[in-house]
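Peer 1: Please read through the structure below; I'll follow up with questions.
The values are calculated or read from the model by the stated rules, or taken from the named source; none is laboratory data. Because the structure is a prediction, the values reported are computed rather than measured. Using ideal geometry, Cβ is built from the backbone for each residue, glycine included, and neighbour counts are taken over all protein chains shown. Remember, those area values only see protein heavy atoms, side chains included, never the ligands or the DNA or RNA. Shrake-Rupley method; radii C 1.70, N 1.55, O 1.52, S 1.80 Å.
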Amino acid sequence: MRYIGKDVAAQYVEGWDWMAPIRDRNTGIWDEVSISRTGPVKIIDPHLVSTFFDDYKRVYLHATLEMQNKSSWVADCSVNVQVTTELEGNICLVEHIQSQKVSVPAGSTIQYTFPQLYFYKPNLWWPNGMGKQSLYNVVISIDVEGFGESDSWNHHFGFRKIESDIDTATGGRLFKVNGQPIFIRGGNWILSDGLLRLSEKRYHTDIKFHADMNFNMIRCWGGGLAERPEFYHYCDIYGLLVWQEFWITGDVDGRGVPVSNPNGPLDHDLFLLCARDTVKLLRNHPSLALWVGGNEQVPPPDINAALKKDLELHPHFQTSSENEKWMVDSSSVSEDPSQYLDGTRIYVQGSMWDGFANGKGGFTDGPYEIQYPENFFKDDFYKYGFNPEVGSVGMPVVATIRATMPSEGWEIPLVKKLPAGYVEEVPNPIWDYHKYIPYSKPHKVQSQIELYGSPKDLDDFCLKAQLANYIQYRALIEGWNCRMWKKYTGFLIWKTQNPWTGLRGQFYDHLLDQTAGFFGCRCAAEPIHVQLNLSTCCIEVVNTTSDELSGIAIEASVWDLEGTCPYFKVFEKLSLPPKQTSSIVEMEYPKSKDSKPVYFLLLKLYNVSNYGIISRNFYWLHQSGGDYKQLEPYRKSNIPIQVTSQVIIKGSTYEVRVNVQNKSKNAESSSLTYNNNFINRQGEGDSDSNSLENKEQTDKKRSTGFFHRICRRIVTGSNSPRLVETNGNAVGVAFFLHFSVHSSKAEGKEGEDTRILPVHYSDNYFSLVPGEAMPIKISFEAPPGVTPKITLHGWNLSQGLTVCYY
């Protein structure tokens, strides 16, 4: 049985801040229903738990299950457990196999606990950015004498230990995985789809998107639901820790129009029954990190007390302080941990209690509005150690507006001029219905779109909104980065996605197209990251890993709109401690007398030994009190771009590797590490360090190239990479380049949305200084019968490149 909160059912009451009402979504059967057939003895709700000793060298796997005998005779059973791990080439290695004899009385259900299985130095499961997500497959089966196999069950399992306590230094909740503290950078998840059209394929995309943004936690918000097992499976695969909330929120506390029930769910017993069932459904997932009673409130006293009792920690997982390490032999504990309902994860009664927000339930999360980017770096921006909800704008790309709204919704906001340069945006009624968040705040924040000049139309507005999205969310994360462990233990952005076509707080829209904010997050949340503190103008390096960084250097270069480099410095012989943000040096250029009103800053963190790029960060900046209006005439520059590509096609799946280079050069560009020899992270291959020109393809892979209508074409052979160039002749930064993938159908309706979605990009909305090259990986699945084409647009590309694959 699975509970769907009233908040999901019909609660989106008038005034709810992010979604319009969708009524009666809890009517009838809303999830998949399946029927299975077993023999006389059935397996019920196995529970897997791992315990660790000797600094994670000695590990025990505990397993308990219920066995239900539906027959009228005593069933003599062989109960079997097998643990395997997958090697390369789909070969499985059997790590453990055990069989036990058990008799189950007629018509009864018994609980059975296996003798613990011993592992020496198993591969551990780590969150995204900390290591590999090693998974083992556990299979439990029952053979009944005289019948054969009666039932079987299997589940992926990860060996890991999650600890959580309140950090004494910050007052925020601190999480440790396998003994290592993890700085939480994640987002709030609403639900996959407002009409509950749930699918494994969409879950896969959703979770991979979060991993692509370098996030390490997803909060399943209490107004949503416990998602299908596939959701948690992909969190296991991609290393996303899950904060799972029970279904207590604004629909059960007397708020709303009409006023909701003030005493929580109408049926407390049913709620608890569903809560316990949900725990059994999810508890074997290594990604599941904690249980939380409710959103911005605690459950009613009887429900809260029952949940605390049900989710009490086993002694094995209890700690009295954050530094205590449990090293007692498991034989000293009488009850096996797998016999608990959970016993391995903390229960926190509400999202703003016990180390979250002010820890006492005060409404101290947020804010949820546009901010000046530098404000995120200031000490007074947020007072508490862990912010469970902080958000901002979320305008999608223009193609999504045109695809989801009638022409009346294509009108951009009217702007009312206010004193001191402030404005007030008045959106059209359709945007208002879709919960648009303005890019300005009267008398507090000047328009972050008007900084670039007044938008001329919808296309111009949405493009400038993407510029603001990128800056806003990169600054949000970098602001938290700069006080990692000193003031903060983590944050969760409100929110990462929308279950409908919303216009606020999202990094990809309901059609699965990313905003530029997606890639601002991806940049800022790197495990190792170089950044500019927008408040102090200091260059900082964020090292969230457990390793000291040595033999590294930072290259800082400033570029003006004329394509010259007035500032270039290299800071060498750097050693940076683990789990720390280090301030390196203050940038001198902004205070120099010759500094330009608008300029670009490129920061690169690299290994001195091989010039391998660890982190790259590109800023566009204006002087204090200034704006970006000088970028408007910069659009007329036509920067020469060269693109090399190779594509691998497997069925309907395309993997395209492109190398994009800014061919404009000057004297300064020859001294830069412009090749961008990126270092791979954890074998993901998103940043390919090999030159595409030298990469060979096997006979089983199809390789093809670009075709476009405005560039001259150089063909080097049917199986060789293809190279294309634009005809630009200006010198300068190729600014805000972004790819998109479309169907190249010969016939189509005018204005039809031709995008192929979703698409996974290793980077997008990027910029290249003169001479610089960037490898990009693009992967997608094309619908049957569709020939895909890839387009490249940019702020100062006179026309977009069109790329077709045949």
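Peer 1: Counting pairs on different chains as well as pairs 8 or more places apart, how many Lys pairs in segment 528-628 have Cα atoms under 20 Å apart?
Peer 2: Details: Lys569/Lys591; Lys569/Lys593; Lys569/Lys596; Lys569/Lys604; Lys573/Lys604; Lys579/Lys604.
Close lysine pairs under the 20 Å cut-off: 6.
Peer 1: Nearest 500 deg cm²/dmol is fine: what mean residue ellipticity at 222 nm does the chain get from its DSSP H runs of n ≥ 4 alone, each adding -39,500 (n - 2.57), divided by its residue count? Could the numbers behind the result be given before it?
Peer 2: Values: 10 runs with 101 residues, N = 806.
-3500 deg cm²/dmol, from helical runs alone.
Peer 1: Any chance you could check the Cα centroid distance between segment 160-219 and segment 521-565 for me, in angstrom?
Peer 2: 25 Å
Peer 1: Next up: Rolling a 1.4 angstrom probe over the protein heavy atoms, how many square angstrom per residue are accessible across segment 41-157?
Peer 2: On the way: 5630 Å² over 117 residues.
Per-residue accessible area for segment 41-157 comes out at 48 Å².
Peer 1: Identify, among Asn90, Gln111, Leu48, the residue whose Cα sits farthest towards the positive end of the charge dipole of segment 41-157, taking +1 on the Cβ of Lys and Arg and -1 on the Cβ of Asp and Glu, with the dipole about the Cα centre.
Peer 2: The one lying farthest along the dipole's positive direction is Leu48.
Peer 1: Please work out the Cα convex hull volume for segment 122-210 and give it in Å³ per residue. Display every interim value, and only then the final one.
Peer 2: Working: hull volume 16.2 nm³, N = 89.
Looking at segment 122-210, the number lands at 182 Å³ per residue.
Peer 1: Working from Cα positions, state the angle (0 to 90°, nearest 10) between the long axis of helix 301-310 and the longest principal axis of the chain.
Peer 2: 80 degrees
Peer 1: Given the options Ile584, Tyr567, Gly479, identify the residue whose Cα lies farthest towards the positive end of the charge dipole of segment 451-605 (+1 on Cβ of Lys, Arg; -1 on Cβ of Asp, Glu).
Peer 2: Working it through, the farthest residue towards the positive pole turns out to be Gly479.
Peer 1: What whole-number distance in Å separates the alpha-carbon centres of segment 415-486 and segment 68-130?
Peer 2: Spelled out, the Cα-based centre of one part sits 54 Å from the other.
Peer 1: Heavy atoms only, probe 1.4 Å: what % of the accessible area of segment 355-418 goes to carbon and sulfur, would you let me know?
Peer 2: Values: 1490 of 2730 Å².
That share works out to 54 percent.
Peer 1: Also: Taking a ≥ b ≥ c as the square roots of the eigenvalues of the Cα gyration tensor of segment 202-331, is the shape rounded (a/c under 1.5), prolate (a/b larger than b/c) or oblate? Present the calculation step by step, with values, prior to reporting the outcome.
Peer 2: Numbers: a/c = 2.03, a/b = 1.20, b/c = 1.70.
Here segment 202-331 falls in the oblate category.
Peer 1: Filter the trypsin sites (Lys or Arg not before Pro) in segment 742-802 down to the DSSP loop ones having no more than 13 other Cβ atoms within 10 Å, then list what survives.
Peer 2: Numbers: sites: Lys745, Lys749, Arg755, Lys777, Lys789; in loops: Lys745, Lys749.
In loop regions of segment 742-802 (DSSP not H, G, I, E or B), the sparsely surrounded trypsin sites (Lys or Arg not before Pro) are Lys745, Lys749.
Peer 1: Can you give the Rg and Dmax of segment 528-628 based on its C-alpha atoms, in angstrom?
Peer 2: Gyration radius and largest Cα-Cα distance of segment 528-628: 14.1, 42 Å.
Peer 1: Next question. Roughly how many Å² is the accessible area per residue of segment 528-628, as a whole number, for a 1.4 Å probe? Intermediate values should be presented prior to the final figure.
Peer 2: Values: 4010 Å² over 101 residues.
Accessible area per residue: 40 Å².
Peer 1: Shifting gears a bit: Trypsin sites (Lys or Arg not before Pro), restricted to segment 426-522: which are DSSP loop and have at most 15 other Cβ atoms within 10 Å?
Peer 2: Working: sites: Lys435, Lys444, Lys456, Lys464, Arg474, Arg483, Lys486, Lys487, Lys495, Arg504, Arg522; in loops: Lys435, Lys444, Lys456, Arg483, Lys486, Lys487, Lys495, Arg504.
Passing sites in segment 426-522 are Lys444, Lys456, Lys486.
Peer 1: Continuing with the same structure: Using only Cα atoms, what Kirkwood radius does segment 41-157 have, in angstroms? If you can, show how the numbers build up before the last one.
Peer 2: Working: mean 1/r = 0.0645 Å⁻¹.
Every distinct Cα pair counted, the radius reaches 15.5 Å.
Peer 1: Using the crude model of +1 on Lys and Arg Cβ and -1 on Asp and Glu Cβ, and no other charge, please compute the dipole size for segment 41-157 relative to its Cα centre, in debye to 20.
Peer 2: Numbers: 7 positive and 12 negative charges, 51 e Å.
Magnitude of the dipole: close to 240 debye.
Peer 1: Another question, if that's okay. Carbon and sulfur together cover what percent of the accessible area of segment 528-628 at a 1.4 Å probe radius? The partial results should precede the final answer.
Peer 2: Working: 1950 of 4010 Å².
Of the solvent-accessible surface of segment 528-628, carbon and sulfur hold 49 percent.
Peer 1: Using only Cα atoms, find the angle between the long axis of helix 229-238 and the longest principal axis of the chain, and express it within 0 to 90 degrees, rounded to the nearest 10.
Peer 2: Tilt relative to the chain: about 60 degrees.
Peer 1: Leaving out ligands and nucleic acids, and using a 1.4 Å probe, what accessible area per residue does segment 429-468 come to in Å²?
Peer 2: The answer is 37 Å² per residue.
Peer 1: If you don't mind, there's one more thing I want to ask. Using alpha carbons only, how many degrees (0 to 90, rounded to 10) separate the axis of helix 200-212 from the longest principal axis of the chain?
Peer 2: The answer is roughly 60 degrees.
Peer 1: Next question. Within straight cross-link reach of Lys749, meaning Cα distance under 27 Å, which lysines are found once same-chain residues fewer than 8 apart are removed?
Peer 2: Lys456, Lys789
Peer 1: While we're on this one: Can you give me the C-alpha center-to-center distance between segment 573-598 and segment 731-780, rounded to a whole angstrom?
Peer 2: Their Cα centres are 32 Å away from one another.
Peer 1: Starting with the highest mean, order 120-127, 575-582 by the number of other Cβ atoms within 10 Å, averaged over the residues of each peptide. Let's see the in-between values first.
Peer 2: Details: 120-127: 19.0, 575-582: 15.1.
The packing order, highest mean first, is 120-127, 575-582.
Peer 1: Please go through segment 529-580 and write out the GluC sites (Glu not before Pro) that DSSP classes as loop and that have at most 15 other C-beta atoms within 10 Å.
Peer 2: Numbers: sites: Glu540, Glu548, Glu555, Glu562, Glu572; in loops: Glu548, Glu562.
Sites meeting the loop and neighbour criteria: Glu548, Glu562.
Peer 1: Which whole number in µm²/s is D for the chain by Stokes-Einstein, with the Kirkwood Rh taken over Cα pairs at 4 °C and 1.567 mPa s? Don't skip to the end; give the middle numbers.
Peer 2: Details: Rh = 28.4 Å.
So the translational diffusion coefficient is about 46 µm²/s.
Peer 1: Given a 1.4 angstrom probe, I'd like the percentage of the accessible area of segment 41-157 that is carbon and sulfur, rounded to a whole number. Please report the intermediate quantities before stating the final value.
Peer 2: Details: 2660 of 5630 Å².
Ligands and nucleic acids excluded, carbon and sulfur reach 47 percent.
Peer 1: A follow-up question, please. Can you list the residues of segment 473-488 with backbone N under 17 Å from a point 7 Å past the Cα of Ser582, pointing along Cα to Cβ?
Peer 2: Zone members listed by number: 482-486.
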